[in-house]
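Data block below; observations after.
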Amino acid sequence: MRVLVADDHQLVRTGIRMILESQAINVIGEARDGAEAVELARELRPDVVLLDIEMPRLNGIEVTKLLVRESLRVVILTSFDSDDYVYATLRNGACGYVLKHSGPALLTEALHAAMAGDALVSPSITVRLLRRLTQRTAAGESVIAGQLTERETQVLRLLARGKTNDEIARTMFIAPSTVKTHVENVQRKLGARNRVELAARAWETGLVE
């Protein structure tokens, strides 16, 4: 995977490069502001552009609009936990929104999701968005629990509350690899494309209250 990193802080860019290269992800360029990010993305054509939100010249929302029009994948990596930013970037085609404190594992997962044509949003944000969704949706009896095993249902409930695979593993006293298998099985059984869709299904049907 070839990634372009855009952040106006050199220390942050250096840290991101170290994290990604330790995961065999190739950082092919670094941009100090939004305008430079657009220029480098057009020149280098990376697989994914990793953008901060608040940058000089052009912010992450403006950059996202421009790059998505040119069929480039964008993942937002920021410290700003703002619904307005989340809605704006996802509405304009970003493949993910990850908070900087989420850790390396979620960041690399978001990049791989983008490569697969999927989307990933930090769990804490996902839960907040889904709670808003359920306010507009009549949550009735769960119709999906009958399709899943007891273990799969438990995994889905924890996932829908924003838990990562590692957190689910610790809660259920099972290996992270077992959690991953359960999540894959639940996705297959429910025909869901990603974790966000799984969580939405759980909240909408009343499996999680």
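The values are calculated or read from the model by the stated rules, or taken from the named source; none is laboratory data. Values in this document were obtained by computation on a predicted structure and should not be read as measured data. Here the Cβ is made from the backbone with ideal geometry for all residues, glycine too, and neighbour counts use every protein chain on show. Accessible surface is based on the protein model in full, side chains and every heavy atom, while ligands, DNA and RNA are left aside. Shrake-Rupley method; radii C 1.70, N 1.55, O 1.52, S 1.80 Å.
List of remarks:
- Filter pass, Arg42 being in the same structural domain as Cys95 (by the TED database), in contact (Cβ under 8 Å) with a residue 24 or more places away in the chain and not aliphatic (A, V, I, L, M): yes
- Scanning segment 87-121 for residues being closer than 10 Å to Ile76 by Cβ and hydroxyl-bearing (Ser, Thr, Tyr) gives a total of 2.
- All told, Ile28 falls short of being touching a Phe, Trp or Tyr at 6+ places or on another chain (Cβ under 7 Å) and modelled with pLDDT of 90 or more.
- With respect to the conditions (1) at pLDDT 80 or above; (2) open to solvent by 60 Å² or more (accessible area, probe 1.4 Å); (3) within 19 Å of the chain's Cα centre (by Cα), Thr171 falls short on a single one, namely (3).
- Consider segment 152-209 and keep the residues that are aliphatic (A, V, I, L, M) and not in a helix (DSSP H, G or I). The one that is nearest to Leu120 (Cα to Cα) is Ala192.
- Filter result for the condition that a residue is surrounded by 18 or more Cβ atoms within 10 Å (Cβ to Cβ), in contact with a Ser or Thr (Cβ under 6 Å, 6 or more places away or on another chain) and not charged (D, E, K, R), over Thr78, Thr64: Thr64
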